[in-house]
Amino acid sequence: MADSILVSLDGTQHDADAPFLHADDLAAVRGDGIFETLLVRAGRPRCVQLHLERLARSAAAMELETPDLDEWRGVIETATQAWTSKHGSAGEALLRLVYTRGREHGSAPTAYVTVDAVPDRVAAARADGVRVVTLARGFSIDLAASAPWQLLGAKTLSYATNMAALRHAVAEGYDDVIFLSSEGAVLEGPRSTVVAAYADTLVTPPTEIGILESTTVSAVFDVAAREGWTTKTDVLRPEDLVAADSVWLVSSVTLAARVTHLNRYVMPVAPDAARFTDLVDRAISVDDN
């Protein structure tokens, strides 16, 4: 992590190669915490307010101490400045907020920000799209409402299932995953939200069925609605994705990766695919700081 930036919530920059977490931090032993991942582009973190609002919602769902969002905003700025001072502001970086319950036997919460280079996979996904396999997530679309302790709408550190799904996809010759509910409804990707485009209409699954609310999709839909697109949430099934003009996996860092294959089906190349990627690029450039 020699090129990484690590800043604790009090604004102190730490050696990213030195030990930082206690061995009994509940993030390490139980995944008991939350996180957010932001894109830094041209020296500026994107969609900060949307990410901070989701951090607060996740904290409430986890019954963590209410985060001071102004304090988090300050450490985001400190970490971004440290990165750009070291690497310049021409490229992109991945900025992550981490907030845990603290140590197992009691302590203040652990809170810090890291900044790293964007993974190599991001450029390939943006340029070439992704081959996607659908996998069963193992729960009904009714579960979120009946079992709030499942934390289906919170961005928690418990990502073991998501990472296992991605490894399985790669082993089967795919790049990414779209999870399906027990009824066969489209949920989300392990690290993305599904958006289907039908001419001038954009559709994404509703958060009420047990998926994470996407900061990037929120930003995109706001801009799209102002520009005359129709935007809506609706329950989608795999056949609805096949019928779409294009299908996208949208996330904060990759932004928009077009689904080129859905299971064994080769998705058509939409002639106006660049229109959607341009919309995403402009949406995350709206200044919400």
Taking the 0 to 90 degree range and rounding to the nearest ten, how far is the long axis of helix 273-283 tilted relative to the main principal axis of the chain, both from C-alpha atoms?
30 degrees
Cα long-axis angle, helix 215-226 against the chain (0 to 90 degrees, to the nearest 10):
50 degrees
In whole Å, how far is the Cα centre of region 1-24 from that of region 179-255?
35 Å
Once you put a point 7 Å from the Cα of residue 150 and another 7 Å from the Cα of residue 69, both along the Cβ direction, what distance in nm separates them?
2.8 nm
Region 123-284, accessible surface, carbon-and-sulfur percent (1.4 angstrom probe):
52 percent
Mean separation of Cα contacts under 8 Å (6+ apart) over length of the chain, as relative contact order %
20 percent
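Within the set of other residues whose C-beta is less than 12 Å from the C-beta of residue 202, count the net charge using Lys and Arg as +1 and Asp and Glu as -1. Display every interim value, and only then the final one.
Working: positive: 232, 275; negative: 200, 222, 227, 234, 245.
Net charge in that neighbourhood comes out at -3.
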Quickly rank 234-240, 211-217, 256-262, 40-46 as a protection proxy: mean count of other C-beta atoms within 10 Å, highest first.
211-217, 256-262, 40-46, 234-240
Angle between the Cα long axis of helix 48-62 and the longest principal axis of the chain, 0 to 90 degrees, nearest 10?
80 degrees
How would 218, 85, 246 rank on accessible area, largest to smallest, probe 1.4 Å?
85, 218, 246
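The values are calculated or read from the model by the stated rules, or taken from the named source; none is laboratory data. Only a predicted model underlies this, so the values are computations on that prediction, with no experimental measurement involved. FYI the Cβ positions are ideal-geometry reconstructions off the backbone, even for glycines, and counts take in every protein chain you see. Please note that ligands, DNA and RNA were not included when accessible areas were found on the heavy atoms of the full protein model with its side chains. Shrake-Rupley method; radii C 1.70, N 1.55, O 1.52, S 1.80 Å.
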